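Take a look at the structure set out below.
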Amino acid sequence: MSSDWPTGGTARMLALVTGLVDDLEAAAHLPGLDTIGAQPADCRRMVLCGMGGSAIAGDLVQPLLDASGIQLVVRRDYGLPAWTTAEDLVIAVSYSGNTEETLAGLAEARERGCRIVSITSGGELEALALGADGFPRVKLPTGLPPRAALGHGLGALLHVLHRLGAIADPAQEIAAAADELRARTSACLAPWTHERYAEPVPATSDVIPVAALAELLTDRIPVLYTAGAEAHAVGVRWKAQLNENSKIPALVVAFPELDHNDLVGWDLSESLRERFVLVILESGVTDSRDRIRRDATAKLLANEFSSIHRIVATGDSALARVLSLVQYGDYLSCHIAHRRAVDPMPVERIENLKSILSRGGNP
C-alpha cells in the first residue's frame, strides 16, 4: 500500500476519526448540558432510544455503570420496552433528529409520562424539545456523518449521566482516555506516518498493527469474537464501521455465548476458510475461566481461518480501554477503504432505504 496520504473521502474520514479525541473533550461545553438536573433517588432505570451511530454510545458506557446500580437499556427499535413506566427516564438520541424509530420511542415516552432528555444536532427531535411541552436538549454540532459524531455523542452522554446522578464526574476518565488515544494515533496511521510494521504477518498473532490487519482483511470477511464486557459493544462498533466505511460485511459474536454454538459452525472447505479472518477483541477480561475459554477456543479454531489475531485494549481506565479498541477499529476501516479504493463517506443504500420508507415503501 502506498505511504502517500489518502485523498478525497478517505482523507475526510481519517480527519474525523482523528478528531474523536478533541470532540470527546469538547463535549463538556455542549449547549444544553446545563439544563439537565439530577434524577430522583428512586429512579434506577433508563432507556436510551437510538439507532446506529447514535445508539452505540449507550453500549459503550455500560462498563462505567456497572457499579452504579442503575440500569441503562439501549432500545434499537420502535417504541419502548413494555416494562417502561413514568418512573423511568428516556434518553432520546438521534444525530439527525429525524430517526423514525427514535421519534416513535419518544412519542411513547411522552404518552407514558416519562421524564425525557434528548441529544441531537437538530431535526424534529430538537423542534419537539424546544416546543411548548418540551424537554432538555443537548445540542450536537451539525454537518457530520452520524458514525463520525461518536466523540460528541459519547461525551454528551457521559456528562448527561453525571448530571443525572448516574455516574461520577467523567472529566478524569475522559482526560485519561484522551491521553491514551493521542499516544496511539501515529501508529494507527502508519505507514502514512512512515512508521514501519513487521512483514510478513504470522498466521496467529497477539499484536498486529492496523495497516497490517487491513492488508489481511482486504477481500476477506472479518469474524469478530468479543471477550469481556468492555469489548462487546466495541465489536458492534467495529462491524458498523467496516460496513459503512470499508463497504465490507462483518460478523460479530460474544464470549462465552459463542462457545455454545458458533464454535461448531466453522467447518468449511479449505478454499472457503481462506475467505475469513478471526479477530478476537479483548478488554476487561479478569476471570480465569474466561481466559481459559478464550485460549482454548482459539486453539480449536486454529485451522478454520486464514489467520487469527487478538486485539487487546490498552489504558488504565474502562473508558480508555474501550476507546482504544474503538480507535483501532475506526482507523482499520479507513485503511481497508483506501486499499479497496472505495469512498468511506457515502452510505447510498441507507439513503435509498430512507427514501423508500418516506414514500411508504413504494420503490
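Some notes on this structure:
- All of 107, 67 fail the test of being free of Cβ contacts under 8 Å to residues at least 24 places away in the same chain and under 22 Å from the mean Cα position of the chain (by Cα), apart from 67.
- For region 113-158, the set of residues classified as over 18 Å from the mean Cα position of the chain (by Cα), crowded, with 19+ Cβ neighbours inside 10 Å and in a helix (DSSP H, G or I) consists of 125, 126, 128, 129, listed by residue number.
- Region 159-180 - residue that is within 15 Å of residue 119 (Cα to Cα) and of a type in the set (A, V, I, L, M, F, W, C) and, of those, surrounded by the most Cβ atoms within 10 Å (Cβ to Cβ): 160
- The residues listed here are 38, 82, 86, 27; of these, the one that is over 23 Å from residue 107 (Cβ atoms) and exposed (fewer than 13 other Cβ atoms within 10 Å of the Cβ) is 38.
- Checking each residue in region 202-245 for being within 19 Å of the chain's Cα centre (by Cα), modelled with pLDDT of 95 or more and part of a loop (DSSP other than H, G, I, E, B) picks out no residue at all.
- Residue count for region 1-33, restricted to those that are closer than 30 Å to residue 168 by Cβ and either among the charged types (D, E, K, R) or in a loop (DSSP other than H, G, I, E, B) (or both): 7.
- Test result for residue 278, modelled with pLDDT of 95 or more, crowded, with 23+ Cβ neighbours inside 10 Å and of a type outside the set (Gly, Ala, Ser): no
- Criterion violated by residue 162 - all others in (1) in contact (Cβ under 8 Å) with a residue 24 or more places away in the chain; (2) within 23 Å of the chain's Cα centre (by Cα); (3) assigned to a helix (DSSP H, G or I) satisfied: (1)
- For residue 296: the one exception among (1) surrounded by fewer than 16 Cβ atoms within 10 Å (Cβ to Cβ); (2) under 18 Å from the mean Cα position of the chain (by Cα); (3) not polar (S, T, N, Q): (2)
- Number of positions in region 253-275 that are of a type outside the set (Gly, Ala, Ser) and either in contact with a Ser or Thr (Cβ under 7 Å, 6 or more places away or on another chain) or on the phi > 0 side of the Ramachandran plot (or both): 5
The values are calculated or read from the model by the stated rules, or taken from the named source; none is laboratory data. From a predicted model like this one, the values you see are computed outputs, not experimental measurements. Virtual Cβ from ideal backbone geometry, glycine too; neighbours counted across all protein chains shown.
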